[in-house]
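Only one structure is covered here, and it is reproduced in the block below.
The values are calculated or read from the model by the stated rules, or taken from the named source; none is laboratory data. Treat the numbers as computed from the prediction; the structure is a model and nothing was measured. Methodologically, a virtual Cβ is constructed for each residue, glycine included, from the backbone with ideal geometry; neighbour enumeration extends over all protein chains shown.
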């Protein structure tokens, strides 16, 4: 929670507006303040963190909710991993790093 110097909370709309202004000044593409949560969750998934941990960080009531929201992201990461393995295997076999037998 963000507050003023006297401890009173800032309005969420003010925070979002200010964030957008600062991002534009920095030359960043338009991004909502809330999008940072999604970016964090996506990077945690990509780093192999468990859904339960991500759910707790985001403050979701259940890890099932987190899994539902980020299922598409997880599937994309799995597709990327499969593509990486598929690209690696032929190279490994030509270098003799594959299974012997």
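Worth a mention:
- Conditions (1) within 19 Å of residue 73 (Cβ to Cβ); (2) at pLDDT 90 or above: number failed by residue 38: (2)
- Members of segment 5-21 found to be at pLDDT 90 or above and surrounded by fewer than 10 Cβ atoms within 10 Å (Cβ to Cβ), listed by number: 5, 6, 7, 8
- From the options 24, 41, residue that is surrounded by 12 or more Cβ atoms within 10 Å (Cβ to Cβ) and either touching a residue at least 40 places away in the same chain (Cβ under 8 Å) or touching a helix residue (DSSP H, G or I) at 6+ places or on another chain (Cβ under 8 Å) (or both): 41
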